[in-house]
Amino acid sequence: MTDPHIDLPQGTLDLLILRTLALEPQHGWAISERVQQISSDVLRIQQGSLYPALHRLERRGWIKAAWGTSENNRRAKYYELTRSGKKQLEVETESWRKLTVAVAQILESM
Amino acid sequence: MFNDLRIRLRSFFRKATAEAELKDELRFHLDSEIEKYKRTGMSDEEAKRCARLAFGGEEQVKQDCRDARGTRMVETVIQDLHYGLRSMRKNPGFFAIASLTLALGIGASIAVFSLVNAILLKPLPYPNAGQVVMVWRQGPLAGIGDMPFSPGEYSILARSATTFQNLGAFKKDSFNLTGVGDAELLEGVRVTAGFFPTLGVTPGLGRTFTEKEDQAGREHVVVLSNRLWRSRFGADPGIVGKTVHLNGSSYSVIGVMPPSFLFPNQEGIPPILDLPRETQLWVPLALPANPRGANELGVIGQLKPGGSLAGVEQDLKIFEAVRERQIPQEKGWSSRAVPLMRQTASDARLPLLLLLGAVSVVLLVACANVAGLTLNRSLGRHRELTLRGALGAVRSRIVQQLMTESLILAFIGGGLGILLAEVSLLVVRHFASGAIPHLHETGLDLRVIAFAAGVTLATGLLFGLAPAMGATRMNMAEALKAGGQRSGGSSTAPKMRNALIIVQVAMAMVLVIAAGLLVRTFYSMLRADSGFDATRVVTFELPLPAPKYADTARMADLYRQVLLRLQSIPSVRGAGFASVVPMGGAPDGTVIRMPEHPPANSSEKPFANYAFISPGYFAAIGAPLLRGRDVNDADTLNAVPVTIINAAMARKFFPGEDPIGKQVGVGLTRIPLRTIVGVVADTKQASLREQSDPEMFVPAMQNEIKTWPSMQTMQFAVRTKIDDASIAESVRQAVHTVDSDLPVAKFSTLTTLVDISMTADRFSVILVGALGALALILASVGMYGVISYSVLQRMPEIGLRMALGAKRSQIFAMILSNGGRLAIAGVAIGLIAGLAATRLMARFLYGVQPTDPFTFAAVSFLLILVALLACYLPARRAMKLDPMIVLRYE
């Protein structure tokens, strides 16, 4: 049985949320949709883990939340990257790059 | 960090809002998801089902979100607090005993710590305190210790030293204040101009001395102490510029010091540097260009910024080299510098460390005690804890809850402890004022409160953790199987409880041994042969104003006239005077020469104390003459110079021979030798525990030197035939008939002086004794608790034994031996620990060995007795059990 979706590796959820929010402020559902779309449906965020992650990032001060109106005119909670969130995104992106390069090297050398 | 806290608190305090928002947010997500599925053509129902499936358990997600926001921690703590308080209300007995025990332990610690804080940790109230050192000289003779500077040496130091920013010298002087109410003798100091700048202190009113005023002829200015300004001048704000009369000359007041400024005084200063108990005024020292005089100057110096003690030591070596070139006959002297903070605390440091040790033992006993109580209680709650475990509470969660209860208890104990500490400090201040420097400064400050909070937290963890771990280490299945039965509890819990008891007994034992040794020391001091008899002896000091009484013949004559008047008071049996009466201060000392006993090598110079006396002085203080005769009125300047030596001097310099008729003199060869005519018993001079030094006594009427500063003050001793309440008045009259301007200073009974000299020892005995008693009571209460609990637990077993024919006395003995075994184990450990601990106290002891077998045996016996007493009640209860009732109850 081949499932086209793969589960997110540990710790990448935060990175993906931050990256998505770097484009524009979004609400939770749109974040999960966007990730799925951009990754051509390969990555799927467990909706159950999306919201705890958002709240945790908010507590850390990397994102902040504000209530706004959605496309279909409903009240929705929008998340936005903060200044320290931007820094965090850079840090995490950099370390992710290093990780993938290193892993790729190992895989190719054997 | 701030954001984190804001969100945690918001989620906690605005819980309803936060919950509603969370619900809205998730609802929006779900609806969007449903919309998405609908757009793919699903039916309403199907879309909802798919959306829910993708989302997972909504409640679980909510809970995860709450956790992520960090409300859970706050919530469980609040929950535990509620629960803890409720369970305490249900169990007031346990709660009261435990919190009282903790309050005693914590309170005692806080009280002792605030003493330590005031005496050792608080900086002195001078801005420069941290950079000020006190400089001392040390002679070539071993055992004499620190010596003050002579004016000549000081002026060499002032010229040669390079590492001091400021340098100051001071010496005690007495001033007869006249013209404001009654004449009063004030104790003050003469100081150089560098004295105040060294300490960096600014006066409360006016100014301090200038360099110009520190010169002979211009020195008639005075700075008053705050206390003197208030008591004698009504805190007159316009005092600066007014004139006061001191020793018959007029001085202009230039300043008043702030209330906290009391330097110099006797705190921490060796008695060889004579200083006032409390300095009331400061007057310029006005040293001449080439000063001469005795070693009587205290010297302080302020280090230059960045200067170090090592630098000062180097500087002092240079000074000694310079001095030795100028005064080559004094070889082998050196100097040392002591930080002022250490100098003024050194006396009090040791007893405080002793107290600190004692109080930590009490605190540990209290902790062990409450740990035992808590353990008992948590065993009683075994079923409740098992049930919680079975319902899914993790062990860490149960431990957390038990710890919360312990911490509540600790903080209630800590709060009560602060109150107790305040009360006991009041008591200490009442009893020991004067015995301990800076005592009046004790009190709660931030540092003490931080200490109290820290100790409270530490005790909470200490007594809470062991029982919490012990009570929760259980096998769920076993526990549930045991079901309703009363037994149970882990097998480690009773062991832990017994260990706690043994530890308590051992620690109490160490403390009681320490207290016992101090009590024996105190009694040894009381029984020690002081060499004098203090009953019905009053003493006072008669200082003569310098301008009026300048030469020694005139002084001697005045003293003799006063003595004659005193002897003619009807109730007086005998009277005499001396440079210092017993317990009246430190005697002067001098290098001596003995032609019949020249020293083995020339660098070794014999040394003896040197005092003037009057005829009849020894009889007045009750010091027995061992050989020869007393001095008498015939020993005048026209007769053969004579002296009396004490037994210590006879032993040291004339071993195995009769000193009567031998010759002895002061080091200066131009002063004639004296013939020894008598040997007097050793009298204790500063403390009952001292070893007497060699001392020679010279008739005051036979002093061949014209000006001799130490003749300026004499101390009188008057022995009455009966208790005479009006003796103080009669003495005053006698003095004033001779010279109505003379102040009678330091009037006191000799018994009081002896008493005062023992204040510090009494203080340690009382405090360590009280702490020992406290530890003993705590340990016996702990013992009682554990034994009665174990009787309660073993009731079925005891009932069974009785039913099978055990005699009541056997049951009684069984319980008693149970407790006895614990006590003996505790005593054994206590003995070993005591042997190690008391060695550290050797210097507090007098007339008793640190390993005094009597004390050790008596205390062991006492502890076992107390332990058996603590077991007696539970054992009796066990003996009186009715086996039928017990077995039926099972």
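The values are calculated or read from the model by the stated rules, or taken from the named source; none is laboratory data. Everything quoted here is computed from the prediction, not taken from an experiment. Note that each Cβ is placed from the backbone with ideal geometry, even for glycine, and that neighbours are counted across all protein chains shown.
Could you please let me know if B:Ala493 is small (Gly, Ala, Ser), at pLDDT 70 or above and assigned to a helix (DSSP H, G or I)? Considered against the rule, which asks whether it is small (Gly, Ala, Ser), at pLDDT 70 or above and assigned to a helix (DSSP H, G or I), B:Ala493 comes out as no. Of all the residues in segment A:16-42, those that are surrounded by fewer than 17 Cβ atoms within 10 Å (Cβ to Cβ) and not acidic (Asp, Glu) number 9.
The residues of segment B:841-871 that are under 13 Å from B:Leu511 (Cβ atoms) and within 22 Å of the chain's Cα centre (by Cα) amount to a single one, B:Met841. Checked against (1) hydroxyl-bearing (Ser, Thr, Tyr); (2) over 30 Å from the mean Cα position of the chain (by Cα); (3) surrounded by fewer than 21 Cβ atoms within 10 Å (Cβ to Cβ), B:Ser260 passes all but a single condition, namely (2). In segment B:823-842, the residues that are assigned by TED's automatic domain parsing to the domain that holds B:Val503 and modelled with pLDDT under 90 reach residues that are surrounded by 18 or more Cβ atoms within 10 Å (Cβ to Cβ) and among the hydrophobic types (A, V, I, L, M, F, W, C) with C-beta atoms within less than 7 angstrom, at least six apart or across chains, in these pairs: B:Ala837/B:Val510; B:Ala837/B:Ala514; B:Thr838/B:Ile513; B:Thr838/B:Ala514; B:Thr838/B:Leu517; B:Met841/B:Leu354; B:Met841/B:Ala514; B:Met841/B:Leu517. The strands (runs of 3 or more DSSP E) located wholly in segment B:579-644 that include 3 or more residues which are more than 37 Å from the chain's Cα centre (by Cα) occupy B:625-628.
Yes or no, residue by residue, for (1) at positive phi; (2) in contact with an Asp or Glu (Cβ under 7 Å, 6 or more places away or on another chain):
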{"site": "A:Ser40", "(1), (2)": "yes, no"}
{"site": "A:Arg75", "(1), (2)": "no, yes"}
{"site": "A:Trp96", "(1), (2)": "no, no"}
{"site": "A:Val103", "(1), (2)": "no, no"}
{"site": "A:Leu107", "(1), (2)": "no, no"}
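Filtering segment B:736-748 for residues that are in contact (Cβ under 8 Å) with a residue 24 or more places away in the chain, among the small types (Gly, Ala, Ser) and assigned by TED's automatic domain parsing to the domain that holds B:Ala620 leaves an empty set.
Here's the yes/no breakdown for (1) aromatic (Phe, Trp, Tyr); (2) not assigned by TED's automatic domain parsing to the domain that holds B:Thr713:
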{"position": "B:Gly531", "(1), (2)": "no, yes"}
{"position": "B:Ala534", "(1), (2)": "no, yes"}
{"position": "B:Thr539", "(1), (2)": "no, yes"}
{"position": "B:Val562", "(1), (2)": "no, no"}
{"position": "B:Arg593", "(1), (2)": "no, no"}
{"position": "B:Tyr610", "(1), (2)": "yes, no"}
{"position": "B:Ala623", "(1), (2)": "no, no"}
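Of the strands (runs of 3 or more DSSP E) lying entirely inside segment B:270-351, those containing at least 1 residues that are more than 15 Å from B:Phe170 (Cα to Cα) and at pLDDT 85 or above span B:298-303, B:334-339. For segment A:43-84, a residue qualifies if it is closer than 17 Å to A:Gly11 by Cβ and among the hydroxyl-bearing types (Ser, Thr, Tyr), and exactly one does: A:Ser49. Residue count for segment B:853-879 under the criterion of being of a type outside the set (A, V, I, L, M, F, W, C), surrounded by fewer than 19 Cβ atoms within 10 Å (Cβ to Cβ) and either outside the structural domain of B:Ala506 (by TED's automatic domain parsing) or touching a residue at least 60 places away in the same chain (Cβ under 8 Å) (or both): the result is 2. Here the condition is being facing another protein chain (nearest Cβ under 8 Å) and not small (Gly, Ala, Ser); of A:Arg34, A:Arg44, A:Arg75, it holds for A:Arg75 alone. Does A:Gly61 satisfy being at the interface with chain B (Cβ under 9 Å from one of its Cβ atoms) and on the phi > 0 side of the Ramachandran plot? Considered against the rule, which asks whether it is at the interface with chain B (Cβ under 9 Å from one of its Cβ atoms) and on the phi > 0 side of the Ramachandran plot, A:Gly61 comes out as yes.
Right, B:Leu355: under 30 Å from B:Met507 (Cβ atoms), outside any loop (DSSP other than H, G, I, E, B) and within 26 Å of the chain's Cα centre (by Cα) or not? Judged against the criteria, B:Leu355 is a match.
Scan segment B:71-94 for residues that are closer than 30 Å to A:Ile45 by Cβ and either away from chain A (no Cβ under 14 Å) or buried (at least 19 other Cβ atoms within 10 Å of the Cβ) (or both) and jot them down. Within segment B:71-94, B:Thr71, B:Glu75, B:Thr76 qualify. Pairs linking a residue in segment B:21-38 that is more than 7 Å from every other protein chain (Cβ to nearest Cβ) to a residue that is part of a helix (DSSP H, G or I) and at pLDDT 85 or above, with Cβ atoms under 6 Å and 6 or more positions apart or on different chains, are B:Ile34/B:Ala47; B:Ile34/B:Lys48; B:Tyr37/B:Ala47; B:Lys38/B:Ala47. Can you pull out the residues in segment B:673-724 that are among the acidic types (Asp, Glu) and more than 28 Å from B:Asp529 (Cβ to Cβ)? Of everything in segment B:673-724, just one residue is among the acidic types (Asp, Glu) and more than 28 Å from B:Asp529 (Cβ to Cβ), namely B:Glu704. Here A:Ala66 fits the description: within 14 Å of another protein chain (Cβ to nearest Cβ), small (Gly, Ala, Ser) and not in a helix (DSSP H, G or I). Considering the conditions (1) within 13 Å of chain B (Cβ to nearest Cβ); (2) assigned to a helix (DSSP H, G or I), A:Glu90 is excluded by exactly one of them, (1).
Which residues, taken from segment B:657-701, are in a strand (DSSP E or B) and under 20 Å from B:Tyr617 (Cα atoms)? B:Arg674, B:Thr675, B:Ile676, B:Val677, B:Gly678, B:Val679, B:Val680, B:Glu695, B:Met696, B:Phe697, B:Val698, B:Pro699, listed by residue number.
Restricting segment B:50-65 to residues that are surrounded by 14 or more Cβ atoms within 10 Å (Cβ to Cβ) and either more than 8 Å from chain A (Cβ to nearest Cβ) or at pLDDT 85 or above (or both), the residue that is farthest from A:Leu57 (Cα to Cα) is B:Cys50. Right, B:Asp724: under 19 Å from B:Ile621 (Cβ atoms) and outside any strand (DSSP E or B) or not? Yes, satisfied. Is it the case that B:Val222 is surrounded by 13 or more Cβ atoms within 10 Å (Cβ to Cβ) and either in a loop (DSSP other than H, G, I, E, B) or outside the structural domain of B:Gly168 (by TED's automatic domain parsing) (or both)? No, not satisfied.
Taken as a whole, segment B:95-102 holds no residue that is outside any loop (DSSP other than H, G, I, E, B), within 12 Å of chain A (Cβ to nearest Cβ) and modelled with pLDDT of 85 or more.
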